[in-house]
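The values are calculated or read from the model by the stated rules, or taken from the named source; none is laboratory data. The structure displayed is predicted, hence computed values, not measured ones. All Cβ positions, even for glycine, are placed from backbone atoms using ideal geometry, and neighbour counts span all protein chains on display. These area figures cover heavy atoms from the full protein model, side chains too; ligands, DNA and RNA do not enter into them. Shrake-Rupley method; radii C 1.70, N 1.55, O 1.52, S 1.80 Å.
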Amino acid sequence: MQRIGLFGGSFDPIHLGHLLVAQAAREELDLAWLFFIPAAQSPFKPDSQPTPAPERLRLLRLALAGKTWCEIDEQEIRRGGVSYTIDTARNYAGRFPEAQLFYLIGADHLPQLPKWRAAEDLARLVEFVVIPRPGQAETPFPAPFRGRWLTGFPLGVSSSQIRARVKAGLPIDHLVPETVAEAIRNNRLYL
Ligand code: ATP
């Protein structure tokens, strides 16, 4: 059975925390493919305007260049509006009826899962996989969800931290790939 990972987020910008999540997921879940699925508008960030999709996509492409097992899926950007995971999960279940689908989330999202739209359906369609943040203990999955925790590699980097550092004129070297840092500088993002 083909094993496919789904990784949704704002990716504003993609950073090394995301890339280590991808690496750990590939190894620990033995994934054939991992799809990065940037949201048009995250339901968790209703008041914040994300950076325009073409810029976020450009950074994703730079970060994932050469990773032949990673794909960028623009379906949520194309749909527009608030991006709900259930719509994306149904799309994958339709396209890959034989595959086992894993949906990656940061540990910060786990307690809220039952409040996600169409939670019962979602829990049937995908297995959730939690990526630990540093120092975070494993907690059980809230019903009706099932899933597992990954082991490595916890890294305390976030997109909001990167945006704040750029705004403050601080370096972001080693927090994002070099090509991403260069594109952020050249396109004057997050100033
Ligand atoms: P922001 O700081 O703007 O909230 P973020 O860094 O959490 O952004 P998102 O694009 O919103 O980035 O994250 C996509 C997914 O990756 C979410 O499930 C999030 O919890 C998870 N994630 C982000 N950074 C990390 C990290 N360092 N370790 C583990 N999971 C992470």
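Checked against the criterion of being within 14 Å of the ligand (Cβ to nearest atom), at positive phi and touching a helix residue (DSSP H, G or I) at 6+ places or on another chain (Cβ under 9 Å), the candidates Phe7, Phe35, Phe102, Phe11 yield just one match: Phe11. Of the residues making up region 145-191, those that are open to solvent by 80 Å² or more (accessible area, probe 1.4 Å) and more than 16 Å from the ligand (Cβ to nearest atom) are Arg146, Asp173, Glu178, Glu182, Arg185, Asn186, Arg188, Leu191. Checking each residue in region 137-152 for being within 26 Å of Leu59 (Cβ to Cβ) and at pLDDT below 90 picks out only Gly152.
Among the residues of region 111-138, write down those that are over 19 Å from Glu28 (Cα atoms) and open to solvent by less than 80 Å² (accessible area, probe 1.4 Å). Correct list: Leu113, Pro114, Trp116, Ala118, Ala119, Asp121, Leu122, Ala123, Leu125.
Contact annotation: residue pairs with Cβ atoms under 7 Å, 6 or more positions apart or on different chains, pairing a residue in region 140-162 that is farther than 29 Å from Asp121 by Cα with a partner that is part of a helix (DSSP H, G or I) and open to solvent by 30 Å² or more (accessible area, probe 1.4 Å), are Phe153/Leu20; Leu155/Leu16; Leu155/Leu20; Val157/Leu16.
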